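Student: Right, I'll just put the structure down here and ask away after.
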Amino acid sequence: MNINATLIGQSIFFFAFIWFVMKYIWPPLINALEERKKKIADGLAAAERGKHEKELAEQRAKEELAEAKKQAADIIAQAQKRSNEIVDEAKDAAKEEGDRIKAAAQSEIELEVNRAKEQLRVQVAAIAVEGAQKILKSEIDAKKHESVLDELAAQI
Amino acid sequence: MAGGATLTSGEYIKHHLTNMTFGQIDGEWRLAHTAQEAKEMGFWAFHVDSLAWSLVLGLFFIWLFRKAAKTVTSDTPSGLQNFVEWIVEFIDSSVKGSFAGKNYLVAPMALTIFVWIFLMNAMDLIAVDWLPQIAAWIGHTAFGADPHHVYFKVVPTTDPNVTFGMALGVFWLMIYYSIKVKGLGGFLSELAFHPFGKWGLPVNLLLEGVSLISKPVSLALRLFGNMYAGETIFILIAIMYSAGWSLGLFGGFLQLGWAIFHILIITLQAFIFMTLTIVYMDMAHTVEEH
């Protein structure tokens, strides 16, 4: 229980330890703690930001989806309209083409009829002449009776 | 019980409460063989046991925390780092709670004081005879000393030199920062003109002087008193072991109970020393209003 130089020794230890702790132990430990605190705060902030961004993105996606739906509906309506138009156009074109073909056929038929008529006339004339010859038992001079023949042919 | 039947209870207690003292006696430097010799060595003597244990425990603290500080990471901490961080955070919040100024010394000092004093106090929990017996055996076999004259006190904080050594360290830092922050004039005027203004100068000096001096004294004596009393009770309980098996068994229970209670005391005393240090440092940094 004597007070002696132990006191001085202990004081020296005291300051030496404090100096060492202040220099080499406290700063790295407290820095790590601060850094971790900052990291956690950053992480929380980032999570919050992410949540907010997700909400925004969801909102945007919803909007975009609605827009896309509207566009699709527009496109479909347009397509329907266009298809109707095309059908109408095709109908018109087909009708026109049909009319044209019909007209061409009709004129051809008329032509054929006329030609057949002509041939028939010639043949009838020939038959008539032949018939007449047989009746008359003589030849008919075509030249002589040309006018008669023509008249006949015309009558047929 | 050290030395068996050759010691009386009184001698046993006295033996346990005497430090291994190294000093000059009759012109030669050697260990004191008796408490009387230790006393005669005067001021220039050292308590080898106190100093050695305080140094060893301080180095253990430094080693443990340095080990954690070297590999410290802000990512997932390891077990040791977790433990160290827990203490550091506790100290940091204590310092932030009581210390308003800006000083990079205070928190490391608080950490050192808390852990170091806790470790020194914790030596109290080792059964009182173990280490002194080992020391006596080593002293006897290795150095041929009379085992009864090998004194070995293992709890440094039961040595007033140790507690005063630390309290005076705090005291000098307190004065240093008082003068640094307030200037020499500010420091002296706080002593002279507070709390009664300049007409109460002598009373002021007396009051402030006493309160200044009482700070380190109360720091040192509180720790010393608590630990010395605790140690003495352990020694008294240990005496029961030599008084028959029934009393010995009773003593065993007492020792267990006292040790468990003592865990609270050693932590509390370390904490009080630390907190008061922080508060004193805070007082040194704040200019008091008149």
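Quick note: the coordinates plus some simple rules give every number you see, no bench work behind them. These figures come from a predicted structure and were not determined experimentally. Quick reminder, even Gly has a Cβ in these numbers, built from the backbone with ideal geometry, and neighbours come from all protein chains shown.
Student: For region B:35-116, report the translational diffusion coefficient in µm²/s to the nearest whole number, using Stokes-Einstein at 10 °C, 1.306 mPa s, and a Kirkwood Rh over Cα pairs.
Tutor: My calculation gives 103 µm²/s for D.
Student: At R0 = 51 Å, how high is the FRET efficiency between A:Glu146 and A:Ala105 if r is their beta carbon distance? Nearest 0.05 is fine. Intermediate values should be presented prior to the final figure.
Tutor: Details: r = 37 Å, r/R0 = 0.72.
Given R0 = 51 Å and the Cβ-Cβ separation, E is 0.85.
Student: Then there is this: On a 0 to 90 degree scale, rounded to 10, what angle separates helix B:106-122 from the longest Cα axis of chain B?
Tutor: Between the helix axis and the principal axis of chain B, the angle is about 20 degrees.
Student: Follow-up question, since we're still on this one. Rounding to the nearest 10 and keeping the result within 0 to 90°, find how far the Cα-based axis of helix A:6-20 lies from the longest principal axis of chain A.
Tutor: Roughly 10 degrees, rounded to the nearest 10.
Student: Can you pull out the chymotrypsin sites (Phe, Trp or Tyr not before Pro) in region B:20-72 whose DSSP state is coil and whose Cβ has at most 16 other Cβ atoms within 10 Å?
Tutor: B:Phe43, B:Trp44
Student: Return the lysines within reach of A:Lys39: Cα separation strictly under 29 angstrom, same-chain partners fewer than 8 residues apart disregarded; answer none if there are no such residues.
Tutor: A:Lys23, A:Lys51, A:Lys54, B:Lys67, B:Lys70, B:Lys96, B:Lys102
Student: Sticking with this structure for a sec: Report the residues of region B:238-280 in range of a label on B:Leu105: point 7 Å along Cα→C-beta, backbone N strictly under 19 Å from it.
Tutor: Inside the label zone: B:273-280.
Student: Below 8 Å, C-alpha to C-alpha, sequence gap of six or more: please give me the relative contact order for region B:112-250 in percent.
Tutor: Relative contact order here is 25 percent.
Student: Hey, another quick one. Based on C-alpha coordinates, I'd like the Rg and Dmax of region B:9-285, in Å.
Tutor: Cα only, region B:9-285: 22.1, 70 Å (Rg, Dmax).
Student: In nm, to one decimal, how far is the modelled label at A:Ile12 from the one at A:Ala47, with both set 7 Å along Cα→Cβ?
Tutor: The two pseudo-label positions are separated by 5.4 nm.
Student: Out of B:Ala145, B:Leu191, B:Leu256, whose Cα points farthest toward the positive end of the dipole of chain B (charges: +1 Lys, Arg; -1 Asp, Glu; placed on Cβ)?
Tutor: B:Leu191
Student: By how many degrees, between 0 and 90 and to the nearest 10, does the Cα long axis of helix B:48-70 differ from the longest principal axis of chain B?
Tutor: Tilt relative to chain B: about 60 degrees.
Student: Would you compute the Debye intensity of the protein assembly as shown from its alpha-carbon atoms alone, equal scatterers and no solvent, and pass along log10 I(q)/I(0) at q = 0.11, 0.14 Å⁻¹ to two decimals?
Tutor: Debye curve over Cα of the protein assembly as shown, log10 I(q)/I(0) at q = 0.11, 0.14 Å⁻¹: -1.01, -1.30.
Student: Charges only on Cβ, +1 for Lys and Arg, -1 for Asp and Glu: so what's the dipole of region A:5-156 about the Cα centre, in debye to the nearest 20?
Tutor: Computed about the Cα centre, the dipole is about 1400 debye.
Student: Sticking with this structure for a sec: State the percent of C-alpha pairs, over all pairs in chain A, separated by a distance greater than 27 angstrom. Please report the intermediate quantities before stating the final value.
Tutor: On the way: 9115 of 12090 pairs.
Every Cα pair in chain A considered, those over 27 Å come to 75 percent.
Student: Looking at A:Ile109, A:Ala66, A:Ala125, which one has the Cα that reaches farthest to the positive end of the dipole of region A:11-156 (charges on Cβ: Lys, Arg +1; Asp, Glu -1)?
Tutor: Looking along the dipole axis, the top candidate is A:Ala66.
Student: Take the Cβ-Cβ distance between A:Lys91 and A:Glu55 as r, set R0 to 51 Å, and report the resulting FRET efficiency rounded to the nearest 0.05.
Tutor: The calculated FRET efficiency here is 0.40.
Student: Show the residues, 5+ positions off or on another chain, whose built amide H is closer than 5 Å to the amide H of B:His47.
Tutor: Under 5 Å from the amide H of B:His47 lie the amide H atoms of A:Thr6, B:Phe22, each far enough along the sequence or on another chain.
Student: When you have a sec, figure out the Kirkwood radius of region B:110-169 from all distinct Cα pair distances and drop it here in Å to one decimal?
Tutor: Details: mean 1/r = 0.0771 Å⁻¹.
For region B:110-169, the Kirkwood estimate is 13.0 Å.
Student: Give the lysines reachable from B:Lys39 as a straight Cα distance under 18 Å; neighbours fewer than 8 places away on the same chain don't count.
Tutor: The qualifying lysines are B:Lys14, B:Lys153.
Student: Using the Cα centre of region B:9-285 as the reference point, and only Cβ charges (+1 on K/R, -1 on D/E), how large is the resulting charge dipole? Debye, rounded to the nearest 20.
Tutor: Dipole about the Cα centre, nearest 20: 760 debye.
Student: Would you please give the residues with an amide H less than 5 Å from that of B:Thr34, counting only those at least 5 places away or on a separate chain, with H modeled from the backbone geometry?
Tutor: Excluding prolines and chain starts, which carry no amide H, there are no hits.
Student: Are there any trypsin sites (Lys or Arg not before Pro) in region A:59-144 that are in a DSSP loop and have at most 16 other Cβ atoms within 10 Å? List them by number.
Tutor: Values: sites: A:Arg60, A:Lys62, A:Lys69, A:Lys70, A:Lys81, A:Arg82, A:Lys91, A:Lys95, A:Arg100, A:Lys102, A:Arg115, A:Lys117, A:Arg121, A:Lys134, A:Lys137, A:Lys143, A:Lys144; in loops: A:Lys137, A:Lys143, A:Lys144.
The qualifying sites are A:Lys137, A:Lys143, A:Lys144.
Student: Express the relative contact order of chain B as a whole percentage, based on alpha carbon pairs under 8 Å and six or more residues apart in sequence.
Tutor: Relative contact order for chain B comes out at 25 percent.
Student: Tell me which residues come under 5 Å, amide H to amide H, from B:Ile25 once H is placed; ignore anything under 5 positions away on its chain.
Tutor: Result for B:Ile25 returns B:Arg30.
Student: Computed over the Cα atoms, what is the radius of gyration of region B:148-290 divided by 2.2 N^0.38 Å, N being its residue count? Intermediate values should be presented prior to the final figure.
Tutor: Numbers: Rg = 21.3 Å, N = 143, 2.2 N^0.38 = 14.5 Å.
Ratio of Rg to 2.2 N^0.38 Å for region B:148-290: 1.47.
Student: Also: Which aspartates and glutamates does B:Lys215 reach when only Cα atoms under 15 Å apart count, and residues fewer than 8 places away in its own chain are ignored?
Tutor: Partners found: B:Asp282.
Student: Can you bin region A:78-147 into rounded, prolate or oblate? Criterion: square roots of the alpha carbon gyration tensor eigenvalues sorted a ≥ b ≥ c, rounded for a/c under 1.5, prolate for a/b above b/c, oblate for the rest.
Tutor: Prolate shape, in that a/c is at least 1.5 and a/b is the bigger ratio.
Student: Additional query: Counting only GluC sites (Glu not before Pro) that are in a DSSP loop and have at most 11 other C-beta atoms within 10 Å, tell me the longest site-free stretch of chain B. Don't jump to the answer; show the numbers that get you there.
Tutor: Values: sites that count: B:Glu288, B:Glu289.
That would be B:1-287.
Student: Toward the positive end of the charge dipole of chain B, about the Cα centre and with charges on Cβ (Lys, Arg +1; Asp, Glu -1), which of B:Thr18, B:Ile213, B:Tyr177 goes farthest?
Tutor: Of the listed residues, the answer is B:Tyr177.
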